[in-house]
1. Go through (1) among the hydrophobic types (A, V, I, L, M, F, W, C); (2) within 23 Å of Trp125 (Cα to Cα); (3) free of Cβ contacts under 8 Å to residues at least 24 places away in the same chain; (4) surrounded by 13 or more Cβ atoms within 10 Å (Cβ to Cβ) and name the single condition Ala92 misses.
2. Among the residues of segment 112-126, write down those that are in contact with a helix residue (DSSP H, G or I) (Cβ under 8 Å, 6 or more places away or on another chain) and in a loop (DSSP other than H, G, I, E, B).
3. Kindly establish whether Ala46 is within 22 Å of Leu23 (Cβ to Cβ) and either without any contact (Cβ under 8 Å) to a residue 12 or more places away in the chain or open to solvent by 30 Å² or more (accessible area, probe 1.4 Å) (or both).
4. Within segment 52-77, how many residues are open to solvent by less than 70 Å² (accessible area, probe 1.4 Å), among the hydrophobic types (A, V, I, L, M, F, W, C) and out of contact with any strand residue (DSSP E or B) (no Cβ under 9 Å at 6 or more places or on another chain)?
5. In segment 91-106, which residues are farther than 19 Å from Cys60 by Cα and part of a loop (DSSP other than H, G, I, E, B)?
6. Report yes if Leu83 is open to solvent by 30 Å² or more (accessible area, probe 1.4 Å), of a type in the set (A, V, I, L, M) and in contact with a Leu (Cβ under 7 Å, 6 or more places away or on another chain), otherwise no.
7. Pick from segment 13-33 the residues that are within 16 Å of the chain's Cα centre (by Cα) and farther than 18 Å from Ala70 by Cα: which of them is least open to solvent (accessible area, probe 1.4 Å)?
Amino acid sequence: MARLLAQRIKAVWLRIDSLEQALVRSGVVDRDGLGPAGYYVGYALALDNLRLGLTVLADCVNPLALTRNAWRDVAFEAGAELLEVEFVCSDARAHRARVEARLCEVPGLLLPDWRAVREREYEVWERAPLVLDTAVLSPCGL
């Protein structure tokens, strides 16, 4: 959905999975030692592109207030507007089927299984994002 939206609105698409996997492939860090490095690269790229006046779409899980606030701070520093969007799937059966059938588009990336998705740490939003429910919204509806 994020890729399609970025393409439709002609935004810079910053996919954290791609950034993180590039760091792993570089040999500088391994998957276990990655920590927040991919997000920090994403913040820097977002800031550079926002300063150019471009629209940036950050595509990431973003389950923590810390990272949500960091994206907000980047927009503030660039003097750019921010729209926080959370994609959810209110249909647990459909969500599980999507997770289990998902194909990996990033070479070498290990996708989480259903259990990992369900058990991922998640903090409630401090600010109300625009919530888009993929159980009722299709990519064509963006």
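The values are calculated or read from the model by the stated rules, or taken from the named source; none is laboratory data. Everything numeric here is computed off the predicted structure, so don't read it as measured data. Neighbour counts are summed over all protein chains in view; Cβ atoms, including those assigned to glycine, are modelled from backbone coordinates with ideal geometry. What goes into the accessible areas is simple: the full protein's heavy atoms, side chains included, and nothing from ligands, DNA or RNA. Shrake-Rupley method; radii C 1.70, N 1.55, O 1.52, S 1.80 Å.
1. Failing condition for Ala92: (4).
2. Looking only at segment 112-126, we keep the residues that are in contact with a helix residue (DSSP H, G or I) (Cβ under 8 Å, 6 or more places away or on another chain), and these are 112-114, 117, 123, 125-126.
Across segment 112-126, the qualifying residues are Pro112, Asp113, Glu123, Trp125, Glu126.
3. no
4. Final tally of qualifying residues: 3.
5. Correct list: Asp91 only.
6. Details: open to solvent by 30 Å² or more (accessible area, probe 1.4 Å): yes; of a type in the set (A, V, I, L, M): yes; in contact with a Leu (Cβ under 7 Å, 6 or more places away or on another chain): yes.
Yes.
7. Taking segment 13-33 as the starting set, the residues that turn out to be within 16 Å of the chain's Cα centre (by Cα) are 13-22.
From what is left, the residues that are farther than 18 Å from Ala70 by Cα are 18, 21-22.
On the way: Ser18: 46, Gln21: 11, Ala22: 46 Å².
Step by step, filter segment 13-33, then rank; the result is Gln21.
Conditions (1) under 16 Å from the mean Cα position of the chain (by Cα); (2) modelled with pLDDT of 95 or more, marked per residue:
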| position | (1), (2) |
| --- | --- |
| Ala75 | yes, yes |
| Glu81 | no, yes |
| Ser90 | no, yes |
| Arg93 | no, yes |
| Ala97 | no, yes |
| Glu105 | yes, no |
| Gly108 | no, no |
